[in-house]
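Undergrad: Please find one structure pasted underneath; my questions will follow.
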Amino acid sequence: MPVNIVVGSQWGDEGKGRITDLLAAQADIVARYSGGDNAGHTVTIGAEVFKLHLTPSGIVHEDVVCLIGNGVVVNPAVLLREIDGLAARGVNVTPQRLKICRKAHLITPAHIALDKGYEAARGQEAIGTTQRGIGPAYTDKAQRSGLRAGLLADVEGLADAVAAHVESKNRILTDVLGQPPLPVKETALAYAQYASRLAPYLTDGSLYLSEALAAGKNILAEGAQGTLLDLDHGTYPFVTSSSSTASGALIGLGVGPRCVSEIVGVAKAFTSRVGSGPFPAEISGEAALRLRGTGANPWDEYGTTTGRPRRVGWLDLVILRYAARINSLTQLALTKLDILSGLSQIPVCVAYDLAGQRTTHFPTDLAELAHCQPVYEMLPGWDEDISGARVWADLPRNARQYVKFVAEQVGVPVSLVSVGPAREQVVVC
Ligand code: GDP
Ligand code: IMO
Ligand code: MG
């Protein structure tokens, strides 16, 4: 039985949590494969809004088991806060409902202090990270000095390892970055306490998934971030430090390519980006405010993790074609189409102009991307409020035309059109 993958097609915040929640109805297991609590995934069920950072978005389905895969970096303090927050809202995240792969890596306060220190040192060149310690934790993993989640099963071993880790990072913090040192003993003690609560959640993620596949179960792999934030394929260096593309699901969960069936690229009907870096179809002023919203609605474009206003722009099909290529997308889920209602014409970026040359390929070179000018095609808009649409025929003609145009230009069918944040606000195409 298959592994289906949900992956972000743009710069994150496409609505992966919302689409994962929808598809989780057909899944037995929902597994996060990359990133950490830099992610903020929103699931809306009626009046209830869940903002999830580490717990997979399948958690609100009682009969779904969630897995935090080996590719994830876990801040245990954040995870425990999330587990407690969910319990307070009646979602009991027991070790039967949530599993953490022993090979996932732990984030510590030292990683967070380093993330902040490096960002400050970058000055004007700052990446605009979420300051959750993500980059330094993955650096330690690649450096082969990381702390794996499996250590949570060995309280004393973990406390010793955390103490040595903080001592070593303190040298960088004080001598290189001019920051105050972190308390060694208190940090080690805190991790020993986290261990006593989190040890029962540990598992061998790959083994768990392979046994589930053999038993005919359906697995949904939930991506974090998006294609353009991927360490290899994103707009480097303005990226995150993990593999957020569909291929990352294989490494980040310990399953092979032959298990994969559908690869659903989630794409917002326009584009947003948090943090620095080039963004060809970015807009500003009144038009931007129109897409971003003022913050009055829960779905307005303000970071789920950091609260930062997101940069916004028109839909960029060069990016979506690139995402289709990098991820082998089999389907697109188009979200926030409702936000475009009321525009008389909608610009869609179909190509870039680079020094007088038209290109439809996303450049590999950041300096080139920075010089790309969007080439727009104007599509006719619609006035109707579409948030109540539930079947294809409910959508106004021009909204259907917009969706068809995207599918044709990208070469991937649009299987879901989301017209609001809530579970039922969707048109299955
Ligand atoms: P993720 O990181 O990809 O899971 O996306 P986020 O949750 O960070 O951001 C997406 C935001 O858009 C959230 O507030 C969602 O509730 C909201 N959202 C998702 N789909 C739709 C939609 O079709 N219409 C509207 N209005 N909001 C949506
Ligand atoms: P979800 O899963 C949007 C961005 C940060 C920054 C860059 C590096 O909710 O889509 P990091 O803290 O990872 O080192 O920051 O990546 N970023 C995201 N932007 N959505 C996310 O996650 C993001 N996770 C990281 O803003 O530009
Ligand atoms: Mg998000």
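Undergrad: Treat every Asp and Glu Cβ in the chain as -1 and every Lys and Arg Cβ as +1, leave all other atoms uncharged, and give the resulting dipole magnitude about the Cα centre to the nearest 20 debye. Mind dumping the intermediate values first?
TA: Details: 38 positive and 42 negative charges, 63 e Å.
Computed about the Cα centre, the dipole is about 300 debye.
Undergrad: Sum up the charges of everything whose Cβ sits under 13 Å from the Cβ of Lys217, counting Lys and Arg as +1 and Asp and Glu as -1, but leave Lys217 out. The partial results should precede the final answer.
TA: On the way: positive: none; negative: Asp28, Asp63, Glu211.
Residues close to Lys217 contribute a combined charge of -3.
Undergrad: Which shape class, rounded, prolate or oblate, goes with segment 180-230 when its Cα gyration tensor gives a ≥ b ≥ c as root eigenvalues, a/c under 1.5 marks rounded, and past that a/b bigger than b/c marks prolate?
TA: Working: a/c = 4.78, a/b = 1.62, b/c = 2.95.
It comes out oblate by the Cα gyration axes.
Undergrad: Can you work out the Karplus-derived ³J(HN,Hα) for every residue in segment 7-16? Use 6.51 cos²θ - 1.76 cosθ + 1.60 with θ = phi - 60°, whole Hz, and x for glycine or proline.
TA: 3J(HN,Hα) across segment 7-16, in whole Hz: 9, x, 9, 10, 9, x, 6, 7, x, 4.
Undergrad: Taking the chain as a Gaussian network, where each spring joins two C-alpha atoms under 10 Å apart, which residue of Gln401, Gln193, Gln357 fluctuates the most?
TA: Gln357
Undergrad: Which of the GluC sites (Glu not before Pro) found in segment 42-117 are loop residues per DSSP with 11 or fewer other Cβ atoms within 10 Å of their Cβ? Let's see the in-between values first.
TA: Working: sites: Glu48, Glu62, Glu82; in loops: Glu62.
Listed in order of number, the matching sites are Glu62.
Undergrad: Counting Lys and Arg as +1 and Asp and Glu as -1, each charge on the Cβ, what is the dipole of segment 105-201 about the Cα centre in debye, to the nearest 20?
TA: With only Lys, Arg, Asp and Glu charged at Cβ, the dipole is about 180 debye.
Undergrad: How many nm separate the modelled label positions at Arg144 and Ser210, each set 7 Å beyond the Cα in the direction of the Cβ?
TA: The modelled label-to-label distance comes out at 2.4 nm.
Undergrad: Related question: Hey, which of these cross-link pairs are over 29 Å Cα-Cα: Lys51/Lys103; Lys169/Lys268; Lys103/Lys169?
TA: On the way: Lys51/Lys103 25 Å; Lys169/Lys268 39 Å; Lys103/Lys169 22 Å.
Exceeds cut-off: Lys169/Lys268.
Undergrad: Among the trypsin sites (Lys or Arg not before Pro) within segment 69-163, which fall in a DSSP loop and have no more than 11 other Cβ atoms within 10 Å of their own Cβ? Display every interim value, and only then the final one.
TA: Working: sites: Arg81, Arg89, Arg97, Lys99, Arg102, Lys103, Lys116, Arg122, Arg132, Lys141, Arg144, Arg148; in loops: Arg89, Arg97, Arg102, Lys103, Arg132, Arg144.
Answer by residue number: Arg89, Arg144.
Undergrad: Using a 1.4 angstrom probe, figure out how much accessible area segment 316-429 has per residue, in square angstrom, rounded to the nearest whole. Walk me through the numbers on the way to the answer.
TA: Working: 5110 Å² over 114 residues.
Per-residue value: 45 Å².
Undergrad: Given the options Val239, Val391, Val318, which has the most mean-square fluctuation in a GNM of the chain, springs set between C-alpha atoms less than 10 angstrom apart?
TA: Val391
Undergrad: Using θ = phi - 60° and the Karplus curve 6.51 cos²θ - 1.76 cosθ + 1.60, what whole-Hz ³J(HN,Hα) does each residue of segment 178-189 get, with Gly and Pro shown as x?
TA: The phi angles translate into x, 9, x, x, 9, x, 6, 5, 4, 5, 4, 5 Hz.
Undergrad: Using each residue's phi in segment 254-263, evaluate 6.51 cos²θ - 1.76 cosθ + 1.60 at θ = phi - 60° and report the 3J(HN,Hα) Karplus result to the nearest Hz, with x for Gly and Pro.
TA: x, 10, x, x, 5, 6, 7, 10, 8, 10
Undergrad: Among Ala137, Ala161, Gln193, flag the residue with its Cα farthest along the positive direction of the charge dipole of segment 105-201, charges on Cβ as +1 for Lys/Arg and -1 for Asp/Glu.
TA: Ala137
Undergrad: If you add up the charges near Asp338, with Lys and Arg at +1 and Asp and Glu at -1, over every other residue whose beta carbon is less than 15 angstrom from its beta carbon, what do you get?
TA: Net charge in that neighbourhood comes out at 0.
Undergrad: Charges on Cβ only, +1 for Lys and Arg, -1 for Asp and Glu, centred on the Cα centroid of the chain; of Leu182, Ser241, Gly36, which one is farthest towards the dipole's positive end?
TA: Leu182
Undergrad: In percent, how large is the relative contact order of the chain, given Cα pairs closer than 8 Å and 6 or more residues apart?
TA: 20
Undergrad: So if we plug the beta-carbon distance of Ala367 and Ala287 into 1/(1 + (r/R0)^6) with R0 = 25 Å, what FRET efficiency do we get, rounded to 0.05?
TA: Values: r = 27 Å, r/R0 = 1.07.
That pair, Ala367 with Ala287, gives E of 0.40.
Undergrad: How large is the convex hull of the Cα atoms of the chain per residue, expressed in Å³ as a whole number? Mind showing how you got there, number by number?
TA: Details: hull volume 59.2 nm³, N = 429.
Spread over its residues, the Cα hull of the chain gives 138 Å³ apiece.
Undergrad: Which value, in debye to the nearest 20, gives the size of the charge dipole of segment 4-114 about its Cα centre, when Lys and Arg are +1 and Asp and Glu are -1 at the Cβ?
TA: Details: 10 positive and 10 negative charges, 63 e Å.
Charge dipole of segment 4-114: 300 debye, to the nearest 20.
The values are calculated or read from the model by the stated rules, or taken from the named source; none is laboratory data. None of the values given here were measured: they were computed from a predicted structure. For neighbour counting, all protein chains shown are included, and Cβ atoms are generated from backbone atoms with ideal geometry for every residue, glycine included. Side chains are part of the model used for accessible areas, which takes the heavy atoms of the whole protein and leaves out ligands, DNA and RNA. Shrake-Rupley method; radii C 1.70, N 1.55, O 1.52, S 1.80 Å.
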